[in-house]
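Peer 1: Have a look at this one before I ask anything.
Read the figures in this text as sums done on the coordinates, not as results from a lab. All values reported here derive from a predicted model rather than from experimental measurement. For neighbour counting, all protein chains shown are included, and Cβ atoms are generated from backbone atoms with ideal geometry for every residue, glycine included.
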Amino acid sequence: MRYGEDRTIENGEHRLAAVYSEMLRQACRDYAGLPDARTLLLSEIRFFYEGIREELKQHTRPRG
């Protein structure tokens with residue numbers, strides 16, 4: 001999530017790893033009670049991230 005929109009991954013980045021790494025970092029920041037991040041399944045990362053997606057869009061969109 002960048003500038004109020006979903007992030008586009010640049011060419012050359014491993015898409016799956018880049019996307020889920022970003023999602024996991026954000027979910028860990030926002031959910032203090034997450035299980036050990038090393039044990040989360042991709043579906044669990046998506047679940048937690050979807051819970052904060054709209055909030056992230058609002059907080060990262062350009063202002064004024």
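Peer 1: Please compute the modelled spin-label separation between Glu55 and Ala17, points set 7 Å along Cα→Cβ, answer in nm with one decimal.
Peer 2: Placing both labels 7 Å along Cα→Cβ, they lie 3.0 nm apart.
Peer 1: Report ³J(HN,Hα) in whole Hz for each residue of segment 52-64, in order, from the Karplus equation J = 6.51 cos²θ - 1.76 cosθ + 1.60 where θ = phi - 60°; Gly and Pro get x.
Peer 2: 10, 4, 5, 4, 5, 4, 5, 6, 10, 6, x, 9, x
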